[in-house]
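The values are calculated or read from the model by the stated rules, or taken from the named source; none is laboratory data. From a predicted model like this one, the values you see are computed outputs, not experimental measurements. Quick reminder, even Gly has a Cβ in these numbers, built from the backbone with ideal geometry, and neighbours come from all protein chains shown. Heavy atoms of the whole protein, side chains included, go into the accessibility calculation; ligands, DNA and RNA do not. Shrake-Rupley method; radii C 1.70, N 1.55, O 1.52, S 1.80 Å.
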Amino acid sequence: MNQEAEEITLEMIDHLESRLSIDPRRFYAMGVSMGGGSALVFTGRHPVKVKAVCDVFGITDYAKFHYQGSYNDSLKAAFGGSPLQQPKYYSERSAINYINVLKNKPVLILHGDQDAVVPQSNSDDMVNKLTVAGGKVKYFVVPGMAHDNAIIKNLEHKVLNYLMGTESQ
């Protein structure tokens, strides 16, 4: 979720609102991996645009992820340097820094307990902070699941029901 992607997403939402009779508070954000963290960040930065959000094994703290994993070079290239060189950018793009906004939204998080790409601690930390802040968060840790889009299999109805508000939060 860089600045360009954020602007494109806002333009798309504005276009849909202007062309269709859509209540702007009825949009849902969902993403996987970097997209999961981005869905949380977008919601944190534009809470009036999103009703609920689903993060699937997302990166929630880019500075921490930078120091944990093997994607340091990719992150430095994407963010223009390391967390020490670009602390503001890492902070702005880390969902963990939007707890005070996200606590007011329904948040659903899914993470596989065998994920070797994005450590489960990203989701654990996010859920813990949202819970402490009094947030509306539901968390599924999927046993035996790695960093794989198949994580959603057999959870589709739970995800949709939660986001639509028909399953208790």
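The number of residues in the range 31-88 that are hydroxyl-bearing (Ser, Thr, Tyr) and either within 29 Å of Leu163 (Cα to Cα) or modelled with pLDDT of 95 or more (or both) comes to 5. Might you let me know whether the range 154-168 holds any residue that is more than 22 Å from Val50 (Cα to Cα), open to solvent by 30 Å² or more (accessible area, probe 1.4 Å) and among the aliphatic types (A, V, I, L, M)? For the range 154-168, residues more than 22 Å from Val50 (Cα to Cα), open to solvent by 30 Å² or more (accessible area, probe 1.4 Å) and among the aliphatic types (A, V, I, L, M): absent.
Residues in the range 134-153 that are assigned to a strand (DSSP E or B) and closer than 16 Å to Gly36 by Cβ: Val137, Lys138, Tyr139, Phe140, Val141, Val142. The single condition among (1) part of a helix (DSSP H, G or I); (2) under 24 Å from Leu75 (Cβ atoms) that Thr131 does not meet is (2). With respect to the conditions (1) without any contact (Cβ under 8 Å) to a residue 40 or more places away in the chain; (2) closer than 20 Å to Gly135 by Cβ; (3) of a type in the set (Asp, Glu), Asp23 falls short on a single one, namely (2). Cβ-Cβ distances below 9 Å connect the following pairs, each with a first residue in the range 1-20 that is closer than 11 Å to Lys49 by Cβ, a second residue that is loosely packed, with under 12 Cβ neighbours inside 10 Å, and a separation of six or more residues or different chains: Glu17/Asp23. If you take the residues in the range 121-151 that are polar (S, T, N, Q) and exposed (fewer than 15 other Cβ atoms within 10 Å of the Cβ), which one is nearest to Phe57 (Cα to Cα)? Filtering first and then ranking leaves Asn149.
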